[in-house]
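Some notes on the structure that comes next.
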Amino acid sequence: MVSGALLVLSVALGATAHYTFPSLIVGGTKTGDWYHVRKADNWQSNGFVGSVTSEQIRCFQATSAPAQATLNVTAGSTINYAAAPNVYHPGPMAFYLARVPDGESIGSWKGEGAVWFKIYHEQPNFGAQLTWSSNGKGSFPVTIPKCIKSGNYLLRAEHIALHSASSVGGAQFYISCAQLGVTGGGSTEPGDAYKVAFPGAYKATDPGIQININYPVPTSYKNPGPAVFSC
């Protein structure tokens with residue numbers, strides 16, 4: 001009887017330990033869930049992407065579908081990407097942008113090919129264990145680079161949970177993509193060295209994806225994907 005109750009509790013805790021990235025916070029106001037963010041396939045399950053070769057590794061959509069609306073932001077401004085309920089697992093946050101080609105609709109554009117460039121990734125604090133500032137948080141600030149060209153962009157939020165990542169396929173990816181209309185930008189287009197495709201950017205055996213963060217405790221961490229682009 002006790003063991004059965006513990007099993008139910010374990011399953012419940014496992015479910016609540018998962019999360020989504022459904023909304024943005026602008027000027028202190030939270031937007032509606034899946035309004036400016038494309039509805040991810042885990043919107044009900046809070047599940048994760050487990051394969052870096054899956055189409056879901058891009059925006060957590062097996063079939064591309066638009067958000068309800070596009071949020072207008074100014075280049076150089078900071079918005080917050082909200083998690084629901086919180087990021088429970090240890091691992092790095094990262095943000096990528098992809099510019100929609102001129103003349104194409106942001107709602108129908110899929111973000112295929114080497115069009116994504118990273119604008120932030122998180123490093124851990126090192127010590128007796130690895131700790132991540134994202135762990136336990138419910139929102140994450142992200143600054144839109146001041147120098148990038150104005151236009152429509154997809155903003156990809158990604159958290160990689162590494163608590164079970166010691167074996168291939170053990171990392172958990174929590175992802176979604178928001179639709180942004182960027183104004184007041186510059187003339188910079190990130191070079192090809194910064195751009196990657198999803199899927200394609202990651203391998204399951206990348207050292208920042210297949211890693212035992214528990215023992216022996218690492219003294220360094222290499223984020224997967226390209227270098228961070230900055231103006």
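The values are calculated or read from the model by the stated rules, or taken from the named source; none is laboratory data. These numbers were taken from a predicted model, which means no experiment stands behind them. Glycine gets a Cβ as well: all are built from the backbone with ideal geometry, and neighbour counts include every protein chain shown.
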(Q) Every residue in the stretch 117-128 that is surrounded by 13 or more Cβ atoms within 10 Å (Cβ to Cβ) and not acidic (Asp, Glu), please. (A) PHE117, LYS118, ILE119, TYR120, HIS121, GLN123, PRO124, PHE126
(Q) Consider the stretch 211-231. How many of its residues are over 16 Å from ILE119 (Cα atoms), surrounded by 14 or more Cβ atoms within 10 Å (Cβ to Cβ) and modelled with pLDDT of 95 or more? (A) 5
(Q) With of a type outside the set (A, V, I, L, M, F, W, C), surrounded by fewer than 22 Cβ atoms within 10 Å (Cβ to Cβ) and over 26 Å from GLN68 (Cβ atoms) as the only criterion, which of THR131, THR183 stands out? (A) THR131
Q) Which members of the stretch 21-37 meet the condition of being surrounded by fewer than 16 Cβ atoms within 10 Å (Cβ to Cβ) and part of a loop (DSSP other than H, G, I, E, B)? A) GLY27, GLY28, GLY32, ASP33
**Q.** Flag for TYR153 being of a type in the set (Ser, Thr, Tyr) and either under 14 Å from the mean Cα position of the chain (by Cα) or under 30 Å from GLU104 (Cβ atoms) (or both)
**A.** yes
Q.
Criterion first (outside any helix (DSSP H, G or I) and either modelled with pLDDT under 95 or buried (at least 16 other Cβ atoms within 10 Å of the Cβ) (or both)) does GLY208 satisfy it?
A. yes
Q.
Cβ-Cβ under 6 Å, sequence separation 6+ or interchain: first residue in the stretch 147-167 and within 21 Å of PRO66 (Cα to Cα), partner of a type in the set (D, E, K, R). Which pairs?
A. GLY151/ARG99; TYR153/ARG99
Q: Might you check whether a residue that is at pLDDT 95 or above and touching a strand residue (DSSP E or B) at 6+ places or on another chain (Cβ under 9 Å) occurs anywhere in the stretch 5-19?
A: yes
Q) Which residues, counting only those in the stretch 189-202, are surrounded by 14 or more Cβ atoms within 10 Å (Cβ to Cβ) and over 19 Å from the mean Cα position of the chain (by Cα)? A) PRO190
Q | Residues of the stretch 103-118 that turn out to be over 18 Å from TYR174 (Cβ atoms) and touching a strand residue (DSSP E or B) at 6+ places or on another chain (Cβ under 7 Å), as a count | A | 4
Q) Which members of the stretch 41-76 meet the condition of being buried (at least 17 other Cβ atoms within 10 Å of the Cβ) and either under 17 Å from VAL182 (Cα atoms) or in contact with a Leu (Cβ under 8 Å, 6 or more places away or on another chain) (or both)? A) CYS59, ALA67, THR70, LEU71, VAL73, ALA75
Q.
Out of everything in the stretch 174-205 that is assigned to a strand (DSSP E or B) and not hydrophobic (A, V, I, L, M, F, W, C), what residue ends up being farthest from VAL73 (Cα to Cα)?
A. TYR174
Q: For GLY169, state whether it is over 22 Å from GLN56 (Cα atoms) and not basic (Lys, Arg).
A: no
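Here's the yes/no breakdown for (1) under 17 Å from HIS121 (Cβ atoms); (2) in contact (Cβ under 8 Å) with a residue 12 or more places away in the chain; (3) of a type in the set (A, V, I, L, M); (4) in contact with a strand residue (DSSP E or B) (Cβ under 8 Å, 6 or more places away or on another chain):
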| residue | (1), (2), (3), (4) |
| --- | --- |
| ALA178 | no, yes, yes, yes |
| GLY184 | no, yes, no, yes |
| ALA201 | yes, yes, yes, yes |
| GLY208 | yes, yes, no, yes |
| PRO216 | no, no, no, no |
